[in-house]
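Data block below; observations after.
The values are calculated or read from the model by the stated rules, or taken from the named source; none is laboratory data. Computed from a prediction, not measured in an experiment: that's the story for all the values here. Cβ coordinates were reconstructed from backbone atoms using ideal geometry, including for glycine residues, and neighbour counts include every protein chain displayed.
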Amino acid sequence: MPRAQPGAVSVLLVCTGNVCRSPAAEVLLRAGLGRRSGLRVASAGLEARVGEPVDEPMRRLLADRGLSTAAAAARQLTPDLVRAADLVLTMTTQQRAGVVAQVPVAVRRTFTLREFAELAALVAPEVGAGGPVARLRALVQAAPRARARREAGPGHDDVEDPFRRPEAVHARALAAIDDAVATLLAALGRPRSDAA
């Protein structure tokens, strides 16, 4: 499957079951980017609970923010999905390794969500002006070279798995995802107050 056609840029968010973390990140990022950003956002799971909706506690937390997950249904990650994505963002370092094991050539465009958000914030001042598509392309190119400048180590990169755990764990996971998405949106020139 070929990469996205010229002009289109896609972001693929990945977790284990595709029922908690990656769909939450997908919904938050899509909402923050707005409808005319030129970026396509999707999600999948390494061990997806195929066809299942977003887990109820996460669905409620997102609904409390006015965000719908009604259209979400878990799907299995495939090598074709990875190859077609311009940027792959996982919820843990182990998931990142799983993605890269499937498609080794994706190593330079596969990050954890928290890692990429931090790297994007570091390099955003260096990538110049432009809309979300141009900025994301530039951030993906610049991010690998900025890894040595990070203050947080890999232990900070994982978003804990809330599946079948108390709602407080879902809330903690969502807060970590929301923080990373907000940082990424700012690096894309779409701060939360402007995004709609």
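Quick grid of which residues meet (1) surrounded by 14 or more Cβ atoms within 10 Å (Cβ to Cβ); (2) β-branched (Val, Ile, Thr); (3) at positive phi:
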| position | (1), (2), (3) |
| --- | --- |
| LEU67 | yes, no, no |
| LEU77 | yes, no, no |
| ASP80 | no, no, no |
| MET91 | yes, no, no |
| ARG96 | yes, no, no |
| THR110 | yes, yes, no |
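This table checks each residue for (1) over 26 Å from LEU62 (Cα atoms); (2) of a type outside the set (Asp, Glu).
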residue	(1), (2)
VAL88	no, yes
ALA106	yes, yes
ALA120	no, yes
ALA124	yes, yes
ALA134	yes, yes
ARG150	yes, yes
ASP161	no, no
PRO166	no, yes
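Please work out which residue is surrounded by the fewest Cβ atoms within 10 Å (Cβ to Cβ), limiting yourself to region 148-168 and to residues that are in a helix (DSSP H, G or I) and of a type in the set (D, E, K, R).
So, considering only residues that are in a helix (DSSP H, G or I) and of a type in the set (D, E, K, R), the one surrounded by the fewest Cβ atoms within 10 Å (Cβ to Cβ) is ARG149.
Select, from GLY38, GLY51, the only residue that is of a type in the set (Gly, Ala, Ser), more than 17 Å from the chain's Cα centre (by Cα) and within 30 Å of VAL105 (Cβ to Cβ).
After applying the criteria, what remains is GLY51.
Of the residues that make up region 4-13, is at least one surrounded by 15 or more Cβ atoms within 10 Å (Cβ to Cβ) and under 15 Å from ALA180 (Cβ atoms)?
Checked region 4-13: at least one residue is surrounded by 15 or more Cβ atoms within 10 Å (Cβ to Cβ) and under 15 Å from ALA180 (Cβ atoms).
Restricting attention to helices (runs of 4 or more DSSP H) lying wholly within region 49-109, give those where 2 or more residues are closer than 27 Å to ALA8 by Cα.
Passing ranges, in order: 79-84, 93-102.
Listed here are the residues, each with its yes/no results for (1) over 28 Å from LEU46 (Cβ atoms); (2) in a helix (DSSP H, G or I); (3) at pLDDT below 95; (4) not charged (D, E, K, R).
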position	(1), (2), (3), (4)
PHE116	no, yes, no, yes
LEU122	no, yes, yes, yes
GLY128	yes, no, yes, yes
ALA146	no, yes, yes, yes
HIS170	no, yes, no, yes
ALA176	no, yes, no, yes
ALA180	no, yes, no, yes
LEU185	no, yes, no, yes
GLY189	yes, no, yes, yes
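Residues of region 89-122 being more than 17 Å from ARG150 (Cα to Cα) and more than 13 Å from the chain's Cα centre (by Cα), which ones?
GLN94, ALA97, GLY98, VAL99, VAL100, ALA101, GLN102, VAL103, PRO104, VAL105, ALA106, VAL107
Applying the selection to region 39-61, what residues are surrounded by fewer than 17 Cβ atoms within 10 Å (Cβ to Cβ) and small (Gly, Ala, Ser)?
Across region 39-61, the qualifying residue is only GLY51.
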